[in-house]
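Step one of this worksheet: look at the structure below.
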Amino acid sequence: MTRTLFTSPPSPWPSLAFWLLLSFAAAAIGAVASANAPDFYGQLNRPAWAPPAWLFGPVWTVLYVLIALSAWMVWRERRLEQGFAPYALFGAQLAANALWTWLFFAWRQGQWAFVEILVLIALIIATMIQFRRIRPLAAWLLAPYLAWVCFATALTFSVWQRNPGLL
């Protein structure tokens, strides 16, 4: 179909809704694994710089919105038929994000949670590189996510080392 001066472009809102739903689906998968996380987190020997349990929910909510906005911006610039790599990396980092929660909170595998979060960092960086080529602002929207995951990596390592009987 050819566009004329009298036709409007498709609405951007359904695609934004899709990326928000996809991102929060990953959050929901992780949330299932972390149903008892506040109690378990409270039992752990944590470093003095560990945030309180109540902070994680609000921080992750903001981060998931930024993650979705980032993907949406890339989508608006480059569709699947123009290359799948950015979307494959995006999906892989979302899956790795959800997996960490299962490894740490549900399965209590501190060592594997630490190894996996290192993989998550690499996937976030690779996603940022791909996104930067398409829309630099989309890569920058992932910077707070990368920063938080780097912080979470240090926290994961510290908590794992301090709690050999629980993790």
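Given the criteria more than 20 Å from PRO47 (Cα to Cα) and assigned to a helix (DSSP H, G or I), does ALA113 qualify? Show your work before the answer.
Numbers: more than 20 Å from PRO47 (Cα to Cα): no; assigned to a helix (DSSP H, G or I): yes.
Answer is no for this residue.
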Single residue of PHE104, PHE90 found to be within 18 Å of PRO136 (Cα to Cα), out of contact with any Leu (no Cβ under 7 Å at 6 or more places or on another chain), modelled with pLDDT of 95 or more and crowded, with 20+ Cβ neighbours inside 10 Å: PHE90
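Here's the yes/no breakdown for (1) more than 18 Å from LEU66 (Cβ to Cβ); (2) touching a residue at least 40 places away in the same chain (Cβ under 8 Å); (3) out of contact with any Lys or Arg (no Cβ under 7 Å at 6 or more places or on another chain); (4) not aromatic (Phe, Trp, Tyr):
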position	(1), (2), (3), (4)
ALA96	no, no, yes, yes
ILE124	no, no, yes, yes
ILE129	no, no, yes, yes
ALA139	no, yes, no, yes
PRO144	no, yes, yes, yes
Leading residue by the ranking (surrounded by the fewest Cβ atoms within 10 Å (Cβ to Cβ)) among those in segment 38-68 that are more than 12 Å from the chain's Cα centre (by Cα) and among the aliphatic types (A, V, I, L, M): ALA48
Residues being at pLDDT below 95 and touching a helix residue (DSSP H, G or I) at 6+ places or on another chain (Cβ under 6 Å) - total across segment 52-72: 1
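The values are calculated or read from the model by the stated rules, or taken from the named source; none is laboratory data. Being a predicted model, the structure only gives us computed values, none of them experimental. Glycine also receives a Cβ, built like all others from the backbone with ideal geometry; neighbour counts cover every protein chain displayed.
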